[in-house]
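Please treat every number below as a calculation from the coordinates, not as lab data. Note that the structure is predicted; figures quoted are calculated from it, not measured. As a convention, Cβ positions derive from the backbone with ideal geometry for all residues, glycine included, and neighbour counts pool all protein chains shown.
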Amino acid sequence: MKILLVDDHAVVRQGYASLLTALLPEVTVAEADSGEAALAQVQLEIPGLVVLDLGLPGISGLETCRRLRQRLPLLPILIFSMHDELALVRQALDAGASGYLTKRCAPDVLVEAVRKVLAGQTFLEPSLATELACQRPSASAERGRLADMTPREMEIFIMLARGIAIREIAERLCISSKTVSNHVALLKSKLAVNSQAELVHLAIDHGLLRVGERVLAEA
C-alpha cells in the first residue's frame, strides 16, 4: 500500500518516509514537494493515503486537500502540520481531511493515525480533540468573522498576526509582495480591522495565536 507524503522540506519528507516504512513495513512512501506536484502524482497513480502538510508554497495545503477531495471523494487525507490552531483544524476537516496531527506528536501516534484513517475513521491528535471539545461557546459563536476566509487568507492572517513581514510572507508562499499586500487589504476589510494590533487581538480571541507568541517583525 502506498502513502503519498507531501511536504516542501526534503529532509522532513525523507525523515518521515523512513519512519513510516520502519514502523509500517507493509507500506511504501512516495513524496511530493508541493500541492501541484501532489495533484499531478495522484492523477497518475492513486495512493492509499495522502499525508499532507499545510505550509506549502504555491497551492496551500488546505486548497490541495480540497482539490484532492473533489477529485477523489474516498481518498483518505491526513493533515500533518506544525500548526495547532483550532481554526486551521476546523478548516482542514471542512476541506475533507480525515485526520489532523501536529509534527510534535510521538511516532506511535502517527502510526495510530495512519491506521485509523486507512480504516475509514477520523483521527485527531488527542490534545487537539480535547481543545476542540472544551472550547468556550463564545469563541464558537464568534467564528462568523473568519468563516468566509479562503485557505490562503487564513495562512496570511496567521502569519501577519505573528508579526511576520510582508516580504517574508511572500517568500514563504512563493508569491509577490504586491499580492500579499492585496490580500492584507482585503483581509482588513473582511475582518473589519484597521490596525495590526486589532488583527493580533482578533487572532488571540479566536485561538489562532497565544499571548506572547507574536514575533517581533514589521508587517
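Annotations
- Across the alpha-carbon set of the chain, the Rg to Rh ratio works out to 0.97, Rh being the Kirkwood radius.
- Charge dipole of the chain (Cα centre as origin; +1 on each Lys and Arg Cβ, -1 on each Asp and Glu Cβ, all else neutral): 380 debye, rounded to the nearest 20.
- Taking every alpha-carbon pair under 8 Å whose residues sit at least 6 apart, the chain reaches a relative contact order of 16 percent.
- In the stretch 2-134, taking the dipole from charged Cβ atoms about the Cα centre, the farthest positive-side position among L24, P47, H83 is held by P47.
- Under 25 Å from K190, Cα to Cα: lysines that are on another chain or at least 8 residues apart: K178
- The chain, helix-only ellipticity at 222 nm - DSSP H runs n ≥ 4, -39,500 (n - 2.57), divided by all residues, nearest 500: -15500 deg cm²/dmol
- Qualifying trypsin sites (Lys or Arg not before Pro) in the stretch 4-104, where qualification requires a DSSP coil assignment and no more than 11 other C-beta atoms within 10 Å, comprise R104.
- Cβ-based net charge around L5, under 15 Å, with every Lys or Arg adding one and every Asp or Glu removing one: -3
- Leading residue at positive end of dipole, the stretch 139-205 (Cβ point charges), from S181, L160, V193: S181
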